Amino acid sequence: MTRNTSKVLNTINNKVFNRGLSTKAIISINDQEFLEWFAGLVEGEAYFGVLRLKSKNSKSVGTVFVIELHIDDLNLLYFLQKRLGMGIVTISTGKYSAIFKFSNSSDLKILINNFLERFPLNGIKFLDYLVFKEILEMKINKQHLSVEGQRKIDELLTNFN
């Protein structure tokens with residue numbers, strides 16, 4: 001699959017930033033172009049996070065998808081939020097950055113099924129994605145609550161960047 005990201009990025013820049021963020025501008029970028037561009041953005045700027053509470057009795061596992069960019073790219077993150085129909089955009093205090101993230105398991109499942117499975121990552125981040133996806137499935141299926149599930153998550157995280 002060929003990714004013509006510069007063409008898509010120019011389209012996004014022209015339609016969204018030069019004329020202001022609008023629903024019309026977002027709709028005018030077709031799904032194929034958006035998904036190809038989004039996959040490239042994820043490869044370069046996103047990260048998958050797995051959070052574990054550090055206590056003996058805790059079986060809590062948190063999963064999060066994050067794109068953090070310079071504050072100058074805030075409109076791009078709002079564009080993503082509007083186009084994907086999910087996520088939260090926040091501004092980091094003191095870091096001059098803006099963050100687009102979501103941690104809700106059902107939203108993460110939508111991200112995987114509707115976007116990342118259709119346009120898979122190509123780089124080293126693909127390996128993190130596979131670990132993240134497996135841990136998310138375990139969390140959704142409540143497998144993380146068993147001792148065996150906890151061990152498997154620990155093992156998976158040894159391969160996580």
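Values in this text are rule-based calculations from the coordinates and carry no lab data. On a predicted model such as this, the values are computed, not experimentally measured, just so you know. FYI the Cβ positions are ideal-geometry reconstructions off the backbone, even for glycines, and counts take in every protein chain you see.
Shown here for the stretch 113-161: GluC sites (Glu not before Pro) in loop regions (DSSP other than H, G, I, E, B) with at most 11 other Cβ atoms within 10 Å, namely Glu117.
Think of each Lys and Arg Cβ as +1 and each Asp and Glu Cβ as -1; about the Cα centre, that makes the dipole of the stretch 45-161 roughly 400 debye.
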